[in-house]
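The values are calculated or read from the model by the stated rules, or taken from the named source; none is laboratory data. Given the structure is predicted, the values throughout are model-derived calculations rather than measurements. For neighbour counting, all protein chains shown are included, and Cβ atoms are generated from backbone atoms with ideal geometry for every residue, glycine included.
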Amino acid sequence: MKKGRSTLILFGIFVVLFAAVYFFEIKGGEKRAKTSKLASQLFQIEKDNIKQLILSGDYGEITCEKDGAEWIITAPVLAQGDAQSIESTLDLILGASIERKTADSTDDLSWFGLLEPRGKVQVVTQSGKHTIVLIGDENPTGDLIFVKYPDDNAIYTTNKSLWTYANKKLYDLRDKKIMHFNLDEVRKINITSRAKGKVSLEKVAGKWQIVDPVKLPANDSEVKSLLTRLSTGRAKEFIAEEPDDLKKYGLTNPSVMITLELGESLARTSFLVGDTATNDGGGFYAKEETRRPVFTVEKWTVDGITKSAFDLQDKKLLGFDSQKCDRIVWQIANQEYIATKVDSVNWMIVSPETLQVEEDLMRRWLEALRDFSVDEVESYQPKSLSVYGLDKPTLRLAFYHKDSKSGELLVGKEISEQYFVKIGNYPHVYRIKKNTFERIYKKPEDLMIKPVSTES
């Protein structure tokens with residue numbers, strides 16, 4: 001009993017000693033190190049306690065104010081801040097440390113460039129405490145700059161990069177997004193452009209569909225690319241903060257207008273592209289409809305979002321699936337040919353005669369059919385198929401699965417190294433390139449096992 005009690009007492013002493021070491025040595029050491037590091041910094045402030053960051057330099061004074069998780073620029077204009085840029089700048093400023101004290105006091109601040117400082121950094125805490133650092137000239141060696149607190153007579157030096165962090169343009173710190181929306185919330189897209197007309201899309205069961213001017217499945221990757229360009233696009237230059245006349249920028253009758261409808265409520269937000277910007281190297285005036293500033297965007301940004309129905313449609317309309325297809329019937333002129341699938345891999349021509357096909361040749365033909373896509377749209381509403389030679393096609397391909405037709409392709413006449421095509425029940429006429437046609441145009445002899453030549 002006494003032995004057990006002694007063991008418990010010893011264990012208790014051990015726990016107490018361990019706790020003392022942990023809290024006073026380990027945790028206390030961490031705290032002392034943190035305190036020591038903070039003491040050597042120009043700004044002895046915890047980042048989480050900061051409410052305002054005010055920077056002054058060659059481009060004037062900029063005031064950034066934290067609002068929850070966001071940053072707002074309150075001067076010289078009221079604008080959304082670029083949180084990432086401001087946070088990064090703040091991190092660098094707070095990391096600036098005092099290299100050494102150069103002088104305890106001086107009667108000639110001009111020698112240090114501090115009589116009329118070229119810059120200033122001001123940090124304001126949540127409680128309203130201001131910490132100001134004045135920025136002067138570089139030291140003689142050029143690797144440091146002189147700094148001073150207004151209420152301290154001493155002159156200090158710090159790394160000259162502080163001037164880089166403080167000397168910001170308004171453009172550097174403001175939000176430069178051309179549109180503000182959540183990608184996952186987009187339900188409808190409407191595009192109107194002088195160059196490519198109108199196109200409307202809707203998201204149905206997680207897939208994008210073109211609903212106007214034609215009803216077609218959209219290419220999801222193309223639609224995603226469009227939305228990504230809109231969400232990541234950046235203004236090149238801000239032209240007018242409070243424009244009094246949008247007409248002079250071509251924004252009352254925009255060359256491109258994209259409207260997104262978001263969420264269950266289908267809230268609308270639009271992006272407008274106006275005239276070519278003067279003295280901007282081919283950029284365009286633009287604005288987000290619900291925001292006041294007019295800015296410019298690069299030509300490549302406008303080109304990337306100006307889309308037609310054909311640009312956004314799924315161009316693999318044939319829907320060929322070699323795993324589900326078990327019979328191919330094709331017609332060249334007046335001759336019909338039939339190939340059937342004999343097992344999971346192999347095919348055989350069964351009409352007009354039975355022929356063994358070469359596996360690799362057949363595989364490559366099936367791959368060409370799988371990858372088949374149209375290159376251009378000729379007409380979404382053709383008046384006559386005969387104009388395109390589609391009433392008497394050069395090539396007709398039909399695909400079957402368990403005796404049901406799953407797809408059909410008609411190839412019409414050739415014009416300018418291209419062929420007119422029509423696919424299945426779609427009324428539209430498209431064009432394909434000659435090399436595409438050559439990959440899908442096959443006669444039985446093109447697929448047969450070639451005899452091995454022997455030399456006598």
> Which numbered condition trips up Ala277, out of (1) within 21 Å of the chain's Cα centre (by Cα); (2) touching a residue at least 12 places away in the same chain (Cβ under 8 Å)?
Replying inline: (1)
>> Cβ contacts < 7 Å: first residue of a type outside the set (S, T, N, Q), restricted to segment 99-122; second residue in a loop (DSSP other than H, G, I, E, B), any location; separation 6+ or different chain. Result?
In response: Lys101/Ala154; Ala103/Ala154; Asp104/Asn153; Asp104/Ala154; Leu109/Leu115; Gly119/Asn167
>> Could you list, ordered by first residue, the pairs with Cβ atoms under 6 Å in which the first is in segment 305-328 and over 25 Å from Ser225 (Cβ atoms) and the second is among the small types (Gly, Ala, Ser), at least 6 apart or interchain?
In response: Ile328/Ala339
> Is there any pair with a first residue in segment 259-274 that is under 11 Å from Ile178 (Cα atoms) and a second that is assigned to a strand (DSSP E or B) and aromatic (Phe, Trp, Tyr) whose Cβ atoms are under 7 Å apart and which are 6 or more apart or on different chains, and what are they?
Replying inline: Val273/Phe284
> Taking strands (runs of 3 or more DSSP E) that fall entirely within segment 152-242, which contain at least 1 residues that are basic (Lys, Arg) and modelled with pLDDT of 95 or more?
Replying inline: 186-193, 197-204, 207-212
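Yes or no, residue by residue, for (1) out of contact with any helix residue (DSSP H, G or I) (no Cβ under 8 Å at 6 or more places or on another chain); (2) farther than 17 Å from Thr63 by Cβ; (3) not small (Gly, Ala, Ser):
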site	(1), (2), (3)
Thr102	no, yes, yes
Asp107	yes, yes, yes
Trp111	yes, yes, yes
Leu115	no, yes, yes
Ile132	yes, no, yes
>> Could you go through segment 243-255 and let me know if any residue there is in a helix (DSSP H, G or I) and under 26 Å from the mean Cα position of the chain (by Cα).
In response: no
> From the residues in segment 79-107 that are β-branched (Val, Ile, Thr) and closer than 15 Å to Val133 by Cβ, which one is surrounded by the fewest Cβ atoms within 10 Å (Cβ to Cβ)?
Replying inline: Ile98
